[in-house]
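The structure under discussion appears below in the form of structure tokens.
The values are calculated or read from the model by the stated rules, or taken from the named source; none is laboratory data. These figures come from a predicted structure and were not determined experimentally. Cβ atoms come from the backbone with ideal geometry, glycine included; neighbour counts cover every protein chain shown. Note: accessible area is taken over every heavy atom of the protein model, side chains too, but ligands, DNA and RNA are not part of it. Shrake-Rupley method; radii C 1.70, N 1.55, O 1.52, S 1.80 Å.
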Amino acid sequence: MKVSEIAKLFNGKLINLKEDIEITGLKSLFTADKGDLTFVVDKKLYDLAKQTKASAILVKEPIEDLQIPQIIVENPQSAFYKLIDIFYPDKKLKPRKAKTAKISKKVKIGKNVYIGDYVVIEDNVEIGNNVVIYPFSYIGENTKIGNDVIIYPRVTIYKNTQIGNRVIIHSGAVIGADGFGYYRENNQHIKIKHIGKVIIEDDVEIGANTTIDRAMLDETVIKKGTKIDNLVMIAHNCVIGERTIFAAQVGIAGSTKVGNDVILAGQVGVADHIKIGDNVIVTGKSGVWSNLESGKMYGSNIPAMEWSKWKRVLAVLVKLPDIYKKLKGKF
Amino acid sequence: MKVSEIAKLFNGKLINLKEDIEITGLKSLFTADKGDLTFVVDKKLYDLAKQTKASAILVKEPIEDLQIPQIIVENPQSAFYKLIDIFYPDKKLKPRKAKTAKISKKVKIGKNVYIGDYVVIEDNVEIGNNVVIYPFSYIGENTKIGNDVIIYPRVTIYKNTQIGNRVIIHSGAVIGADGFGYYRENNQHIKIKHIGKVIIEDDVEIGANTTIDRAMLDETVIKKGTKIDNLVMIAHNCVIGERTIFAAQVGIAGSTKVGNDVILAGQVGVADHIKIGDNVIVTGKSGVWSNLESGKMYGSNIPAMEWSKWKRVLAVLVKLPDIYKKLKGKF
Amino acid sequence: MKVSEIAKLFNGKLINLKEDIEITGLKSLFTADKGDLTFVVDKKLYDLAKQTKASAILVKEPIEDLQIPQIIVENPQSAFYKLIDIFYPDKKLKPRKAKTAKISKKVKIGKNVYIGDYVVIEDNVEIGNNVVIYPFSYIGENTKIGNDVIIYPRVTIYKNTQIGNRVIIHSGAVIGADGFGYYRENNQHIKIKHIGKVIIEDDVEIGANTTIDRAMLDETVIKKGTKIDNLVMIAHNCVIGERTIFAAQVGIAGSTKVGNDVILAGQVGVADHIKIGDNVIVTGKSGVWSNLESGKMYGSNIPAMEWSKWKRVLAVLVKLPDIYKKLKGKF
């Protein structure tokens, strides 16, 4: 695409264009070279942007003294992301069922499906259209998989799982293992059989080596549009709302309900049977032991409290040695 | 089973029985429907129990104004769990050795063993009776596996591991990888070869994507009846006692010894060379840097201290901004 | 090897030798038996060393009243580690390409390579000499692997990854999954396509079930000699320095740069876009929210601060209930 074509695509204004060259790559500000397009959003980087070797740049407003062609668009970042999809399309995998895939005869498979080598699919599984299943994935019996799903290598899906459309599951994820439940009798832990299931709704993405356990009787649910990073643990009977974000290594204990549009930053832990409202943000590494109200920001691991309060506590906390020194004479 | 048969099975008293109907399902209080049996323990739920659509309920004592048949038993919860085993028996897997399984000729295999597709079993492995090994699991050489063991898909067992009877290992677990040990020489980390092993005793359950590292010279041991949740890390040379519970994402550093009947809640971290006594409880997300005494409860990440003390610290901690405001005038 | 031969190998002085017996095993102080060599470094263990049943011991200085042959060497520990390599050499795997391995024809493979059963290697992969790839590992297209690399069972390497020489990757690790990045549009999270890669330099070791995500445009880099334990998460665009140590369950958010010779203890979390200098130590479970200066030690999760400061804060923190009691009368 030529610079002018990119500008046109996003209804952008084009300045500094001397020669309408062909853009051949998309790079970050500092790695871009001749032929590359880049973008800048952060005003602190405007000065550095003048050193970029890129042949054109996406910006929100004209940057003075920046001589390369500037494409002025409402949202340079999302325009750039959209261009990535255009410039670097995924290699189309030709539909196939690998001969080495062990697929039960009692399986329904849609159109344009790619099943890689060494996939095992058990009885009564249903798979929609345009699904890609990479090698070494295991699909347990009675599982239903929607359309346009990508299952990367080495994913385990235990029996009875329901997976919606456009779901992406990364390598090593384990969906539907037994919930962690026992009762004690005769001085032993007796396993509680888990006959529930996991439901993954549309447009969910699940990170590498993440685990989502099956419910005891009912359902562990991940609602539509929610994105889960790597090494996250979601325990039995949890219900996670829509468009919620769990960063890496988050852990949610059993039967906890999380609302819509929630963000849990990395390594946050939430106790069992907790309710988290909608639009809640919890900062990294926080420990949540009580219900959290919609629309608020929480932090800290002592346990999590409202962020504004925690900031005030923290401000005094770090002064404690000084305060104590002053106090000591006065007791 | 009819309602009366269930009552009889647990020596329960039966009230409100108008018609001795057939129970066809087991459900929770709120999802139960006609034909289902449910249970209630928590007195706070007694009022809500009156709205259940279940056809019968297991209770500890008669609930007033609840018109459906009530089966009064000593422990409604464990009765219900036992009924799950009866109502939803596991599908029996017919013993087989899949043709696609690569099994060394130098392997001893017991009776009634199921070895799924694409399992690899190396030299000198011994496997007991009634063992199930799902696809894509790898059993390293010289490993011994007892009777009635279930190994879910995609489990790795490195060489020389010993696994007892009735052990369950969930998908993605890695048993016996090298311990994390190096010595520094010539400004480099030199790997310390780990020639020890992992021993998993009887009745242990190991969660999805959990890792248990092999000892340097001796043994990493998980003693009988201990239950370990998902994404837990147990480092080289640890010895974990009997009937101990590790919730998800717990991490135990090298050479730490944990006693019997201990509970570590989710995301707890324990430093290396620590001793934790018997019957210890550590609350979620705590960081343990020193030995913990038997029979006590600990909490907090600053590091873990006795729970009763931590609660008192915490009570003041959250008041710090107010205290500081009052103090400021007085310095 | 005889005791005298071992002494000679390390230029050690030999005392108490009555009979120059053959050493047949290497064991720890308490598990050693007749025929075994052991070692002791910690002076607190000198008394206990007198009870060892070992036939000889490596020590830094003569221990009084210890009757068994003592080999006095500068560094008993590293001498012992070197002997492990000599006494317990790895079984040589005979080079092979298993018939069940699915290897694209467009792959270059060096000399003396072992490719186990059920390995999948996609187009345009290059593999060096003396590489071992265990069963169920998946190597995505355009990946380059150096010499003397060991890839344990069930490792996933996504496309375009670069792996140096003498790298060890443990079972369940996932290298190069998509970074966790979305932009919000029309009330949805839209996936940002990640076209970057992961570069693992020489002599890196990566633990079981660890995940390292691919960069958005550029590179996620693990520099030479760095050692990463199990269940660690390294996000997109991170650059981790040389000879750095990450203990288990550490998590590093996107675009963070970590210096050389850094030690992050278990369960440490680092926020995104942070810079950590060289020779930094961060104690277990700490949360890092700001840049850390070279050569310093940090701790705590409130967030991490200099260790010396945190120790002073902590000293007052645990006294808060007492301080508050004394203060209460004075407000």
Which distances, in nm and shortest first, link the residue C:308 label point to the same label point in every other copy, taking 7 Å along Cα→Cβ? 3.8, 3.8
Sorted from shortest, what are the nm distances separating the label point of residue C:22 from equivalent points in the other copies, each placed 7 Å from Cα along Cα to C-beta? 7.4, 7.4
As a quick test, which of the pairs A:257/B:18; A:44/C:275; A:2/A:91; B:27/B:50; A:27/C:296; A:144/A:285 have an alpha carbon distance above 27 angstrom in this structure? A:257/B:18; A:27/C:296; A:144/A:285
Where both residues lie in the range C:96-311, what percent of DSSP beta bridges are antiparallel, nearest 5? 10 percent
Would you kindly state how much longer the chain becomes between residue C:19 and residue C:182 on full extension, computed as 0.36 nm times their sequence separation minus their alpha carbon distance, in nm to one decimal? 51.6 nm
Shielding of A:115-124 by partner chains, average beta-carbon count, 10 Å: 4
Most positive-pole-ward Cα, C:14, C:73, C:25, against dipole of the range C:3-87 from beta carbon charges: C:73
Before rounding to the nearest 500, sum -39500 (n - 2.57) across all DSSP H runs of length at least 4 in the protein assembly as shown and divide by the residue total; then give [θ] at 222 nm in deg cm²/dmol. -3500 deg cm²/dmol
At residue A:328, label 7 Å along Cα→Cβ: distances to the other copies, nm, ascending? 2.5, 2.5
Relative contact order for chain B: what is it in percent, counting Cα pairs under 8 Å that are at least 6 residues apart? 6 percent
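State which helices in chain C qualify, where a helix is a whole DSSP H run, it must extend 27 Å or more along its own axis by its Cα atoms, and its mean Kyte-Doolittle hydropathy must be at least -0.5.
Values: long enough: none.
None clear 27 Å together with a mean of -0.5.
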State, in square angstrom and to the nearest 100, the accessible area buried between chains B and A, both chains counted, probe radius 1.4 Å. 5000 Å²
How charged is the neighbourhood of residue B:87? Take every other residue with its Cβ under 11 Å from the Cβ of residue B:87, and add Lys/Arg as +1 and Asp/Glu as -1. +1
DSSP beta bridge pairing in the protein assembly as shown, given as percent antiparallel to the nearest 5: 15 percent
Are there any trypsin sites (Lys or Arg not before Pro) in the range A:99-181 that are in a DSSP loop and have at most 15 other Cβ atoms within 10 Å? List them by number. A:99, A:105, A:106, A:111
Pairs A:326/B:326; B:328/C:311; A:326/C:326; A:106/A:224; B:105/B:193; B:34/B:227: which exceed 26 Å Cα-Cα? A:106/A:224; B:105/B:193; B:34/B:227
